[in-house]
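Each remark here refers to the structure printed beneath this line.
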Amino acid sequence: MVAVSGGPDSTALLVALHELGFDVSAAHFDHALRDGSDKVAERVSALCASLGVRLYASRRDAPMPRGSVQAGARALRYEFFELAREQVAAASVALAHTADDVVEGAVLHLMRGCGLSGLRGMPARRGFYVRPLMAVWRSEVVEFLQRRRIVAYQDPANSDLHFARARVRHQILPSLERDRPGIGRRFHAVAHRAAALQEVIEQQAGDRLGDGSITRWDLARMPEPVATEIIKGMYASAGGRLPALSRSHVRSMLRIASGSSGGRGVDLPGGRRFRIVGDLMEIYAPASSRASSGGPQLEVKNCDGCDDSDAAHLRADLHVRLGFRQPGLRMRPTGGRGSRKLQDILVDARVPREDRDSWPLVFAGDRLAWVPGIAVDADLRSVKGEPALHVAISPMPDRWQSKVVRLETPISPRGESS
């Protein structure tokens, strides 16, 4: 599937792939940001009809996202591309960025301060997005279209000097080229080498992520470029969209992971949050509501005694229910010394502050009987070998099972393991 804006680059890419015999379709998104955008959509439709190419088109009918217009338009555009790709079951979405775009992107990133990933301009592939024209110059695109007598749409925003990219294209790079002829191609060569190095770094990060859980101390020992890609990979695995993380996001996460001061966590784009739980790092999406559908369910059955460590075995005469934290809750944990506040139990088990209100609890009447994954009330647990209630929570999220300290050893009055 080719993303076609109607401009010269995407028009040339669609025509070229069609001429080369690829099984192509096209996707066009009308941002509805300026008068005449509907006419551009009509021209794209006419081009696709002349080529016999199937077109998926859509026009924005909702308010723009808050913040930068360019960023909002980009987010809506890529959301549409993903939907269109799924409809046609396309293996990839081809974007028409050229060698000039690579150079402009690299210069923009250098002006802001960047590492290797910024110096490469943009990746040739990210997920199912591919950029086949990154070694093709804009002048070659113009010549390609002229030979076929195809007139493409010229977006006036590309000449609007209010935009940083337009200033780089029409002012900064031409000035550099006059002073140092050929500097654009040298920038492109440097970006190409940076892309090769960045590919190696991303491969190392991918291999390390594939090995399993990474502790904060593992991250601290890695070279910063690899650590940065680890962070990005974790964000993508948690459902975040790339590129969405800013340099400040990454720096803050690396700082917290290293043990430096800077807060308990970092709020990230897409409603995600980064935090440290024990020695492990986690990026998660906080639950919008603990009572939402798909939440935890209580499973209760009779049991003569088993070794299921994810369940609690309570006295058979109890009537149990599922609930959540409320003020004043206490229990007498098995193996502990006396009654303790639920707040103290959760703190000692290293349950993150933001998870405590949504942590499921099992009550017998009004009395707290079980804190799943953490502690069972000594007075309400069953005696081994006697009939019992086998009580479990389903589903049991991974973080309830593996991100806490089980309170199965005697606990001192101050909450320290004895």
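The values are calculated or read from the model by the stated rules, or taken from the named source; none is laboratory data. Please read these numbers as outputs of a predicted model, since none were measured by experiment. Neighbour counts are summed over all protein chains in view; Cβ atoms, including those assigned to glycine, are modelled from backbone coordinates with ideal geometry. The protein model used for the area step is the full one, side chains on, heavy atoms only, and it has no ligands, DNA or RNA in it. Shrake-Rupley method; radii C 1.70, N 1.55, O 1.52, S 1.80 Å.
Test V136 against the stated conditions and say whether it is touching a Phe, Trp or Tyr at 6+ places or on another chain (Cβ under 8 Å), more than 27 Å from R60 (Cα to Cα) and surrounded by 19 or more Cβ atoms within 10 Å (Cβ to Cβ). So V136 does not fit the description; no. Find the residue count for the range 22-51, including only residues that are without any contact (Cβ under 8 Å) to a residue 12 or more places away in the chain, more than 21 Å from E86 (Cβ to Cβ), part of a loop (DSSP other than H, G, I, E, B) and not charged (D, E, K, R). Qualifying residue count for the region: 1. For first residues located in the range 215-234 and within 16 Å of Y284 (Cβ to Cβ), partners that are part of a strand (DSSP E or B) and open to solvent by 30 Å² or more (accessible area, probe 1.4 Å) and lie 6+ apart or on another chain with Cβ distances below 8 Å form the pairs R216/I276; R216/L280.
For the range 346-376, give me the residue count where each residue is touching a Gly at 6+ places or on another chain (Cβ under 8 Å) and either of a type in the set (S, T, Y) or part of a helix (DSSP H, G or I) (or both). Residues meeting the conditions: 3. Here the range 377-388 is the region considered, the condition is being aliphatic (A, V, I, L, M) and outside any strand (DSSP E or B), and the residue that is most open to solvent (accessible area, probe 1.4 Å) is V383. Evaluate the following for E82: is it assigned to a helix (DSSP H, G or I), surrounded by fewer than 19 Cβ atoms within 10 Å (Cβ to Cβ), free of Cβ contacts under 8 Å to residues at least 40 places away in the same chain and over 31 Å from the mean Cα position of the chain (by Cα)? In short, no. With respect to (1) open to solvent by less than 30 Å² (accessible area, probe 1.4 Å); (2) closer than 21 Å to V130 by Cβ; (3) small (G, A, S); (4) assigned to a helix (DSSP H, G or I), the lone exception for A96 is condition (4).
Within the range 139-166, which residues are part of a helix (DSSP H, G or I) and under 31 Å from the mean Cα position of the chain (by Cα)? Once the filter is applied, which keeps residues that are part of a helix (DSSP H, G or I) and under 31 Å from the mean Cα position of the chain (by Cα), the range 139-166 yields A157, N158, A164, R165, A166. When the range 1-49 is filtered for residues that are among the polar types (S, T, N, Q) and open to solvent by 30 Å² or more (accessible area, probe 1.4 Å), the ones remaining, listed by number, are S5, S45.
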